[in-house]
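Presented below is the structure to which this report refers.
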Number of protein chains: 2
Amino acid sequence: MLFNPRAIQHCRACGTAVEYRVPADDNRERAVCPACATVHYQNPINVVGTLPVWEDRVLLCKRAIEPRYGLWTLPAGFLELGETTEQGALRETDEEAGARIDLQGLYTVINVTRVGQVHLFYRARLLDPNFLPGAESLEARLFSEGEIPWDLLAFRTVRETLRCFFDDRRRERFELHCLDVG
Amino acid sequence: MLFNPRAIQHCRACGTAVEYRVPADDNRERAVCPACATVHYQNPINVVGTLPVWEDRVLLCKRAIEPRYGLWTLPAGFLELGETTEQGALRETDEEAGARIDLQGLYTVINVTRVGQVHLFYRARLLDPNFLPGAESLEARLFSEGEIPWDLLAFRTVRETLRCFFDDRRRERFELHCLDVG
């Protein structure tokens, strides 16, 4: 889903139809209210998730929702107001997989400019191998590297994060990866 | 400036006054349009910036705009749609300081939950020590560690990033720092 640069049609403060123009002290087109002068900014949003590991296997969830119904993903979702990126990653792991984890540090930061998102994945250690997938997942299970369904992954950022993980594991050295997937 | 969890009063799609309630498939209160059913999500936004270094000194800018007019900051600002975090950090460094830099990697990721922001700072190497501050800065200049105006810094995330930098420099080892400043 591409972001729509003109998704705002009415002022959030007073409901008047907005105009798209470059405000006086700005250099980008914004939705500006001709009645109350509110300027509406649109910015990329963050998706936070985890790469949970149990022995030599990683946890994936089969999506029960669109987009990408039925495809496999790492637990992840939109960061909410009032929570830190770590708290959001833990919450999504609980909501989507019912998995109990310890976070092990930020692992990938991936710009997805086409949809106006930044994806942040944390490495995590599973505290036990029992899951209770929530309403957003059809199934949650562990995969060894050879079992990963590479052609059935839901998102490019999940594929890149898994690829980094298995490469780093072979090198026996995990480090932050910053990527852009366009 | 605290974020306002009820800043949305009218539907962006049709202008009708919204209601705040928990949508059927959700667990958080959202602004929902009673006329067209649009759900309005609000999420934390990203501030991207750099810590530009020339020999043993770092670049700071004196703010010419509110908030924190007249206080010192690292070049930073809101990530825009269509750009990567790296592109945003470079753009802000150019806009606020007119500084030419090479980025050296993501250095701090700081949650500022109180205002609904995530701040990402990159270490950077200044290509020359000549600056051309833009309209948002009164002045741009280099500071050695002993010259840093610690009591006149504009933001806690700037203070934390500078503190990490000078500590790491003493240890001769730079690594990613993930922090929360509440």
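The values are calculated or read from the model by the stated rules, or taken from the named source; none is laboratory data. Note that the structure is a prediction, hence the values are computed from the model and not measured. Glycine also receives a Cβ, built like all others from the backbone with ideal geometry; neighbour counts cover every protein chain displayed. Note: areas computed on protein heavy atoms with side chains; ligands, DNA, RNA excluded. Shrake-Rupley method; radii C 1.70, N 1.55, O 1.52, S 1.80 Å.
What number comes out for the charge environment of A:Tyr20, summing +1 per Lys or Arg and -1 per Asp or Glu over other residues with Cβ under 11 Å away? In short, +2.
B:Glu147 sits with roughly 90 Å² accessible to a 1.4 Å probe, with DNA, RNA and ligands left out of the calculation. Of all chain B residues, the one whose Cβ lies closest to the rotation axis that maps B onto A, given with that distance rounded to whole Å, is B:Gly15, 2. Using Cα-only point scatterers and the Debye equation, what is log10 of I(q)/I(0) for the range B:45-180 at each q in 0.11, 0.16, 0.17 Å⁻¹, rounded to two decimals? Here the Debye-derived log intensity ratios amount to -0.33, -0.74, -0.85. Measuring nothing but how far apart in sequence close Cα pairs (under 8 Å, 6+ apart) lie, relative to its length, chain B scores a relative contact order of 22 percent. Within the protein assembly as shown, all pairs of alpha-carbon atoms sorted by distance into 10 Å bins from zero give the percentages 5, 22, 30, 25, 15, 4, 0. For chain A, with all protein chains in place and a probe radius of 1.4 Å, 49% of the accessible heavy-atom surface sits on carbon or sulfur. Residues of the range B:139-182 that bury at least 20 Å² of accessible area when the other protein chains are present, relative to the chain alone (probe 1.4 Å, heavy atoms, ligands and nucleic acids excluded): B:Leu176, B:Cys178, B:Asp180.
Here A:Tyr41 yields copy-to-copy label distances, from shortest upward, of 2.0 nm, the label point defined as 7 Å from Cα along Cα to C-beta.
For A:Pro67, the distances from its label point to the matching points in the remaining copies are 3.5 nm, ordered from shortest, with each point set 7 Å beyond Cα toward Cβ. What does the net charge come to around A:Arg123 if you take all other residues with beta carbon closer than 13 Å to its beta carbon, with K and R at +1 and D and E at -1? Once positives and negatives cancel, what remains is -1. Across the options A:Leu59, A:Val109, A:Val18, the greatest Cα extent toward the positive end of the charge dipole of the range A:1-138 (unit charges at beta carbon of Lys, Arg, Asp, Glu) belongs to A:Val18.
Projected onto its three principal axes, the C-alpha set of the range A:1-42 covers 31, 24, 12 Å, listed from the longest axis down.
Here the range A:1-160 is treated with +1 on each Lys and Arg Cβ and -1 on each Asp and Glu Cβ, and its dipole about the Cα centre works out to around 520 debye. Summed over the residues of the protein assembly as shown and divided among them, the accessible surface reaches 47 Å² per residue at a probe radius of 1.4 Å. With a 10 Å cut-off around each Cβ of A:11-20, the average count of Cβ atoms from other chains is 4.
Put simply, chains B and A cover up around 3300 Å² of each other's accessible surface, both sides summed, when a 1.4 Å probe is used. Once the Cα atoms are used to define both axes, helix A:85-97 deviates from the longest principal axis of chain A by about 60 degrees.
The other copies place their A:Arg141 label points at 6.6 nm from this one, listed shortest first, where each point is 7 Å from Cα along Cα→Cβ. Note on A:Tyr20: accessible area is roughly 50 Å² with a 1.4 Å probe, heavy atoms of protein only.
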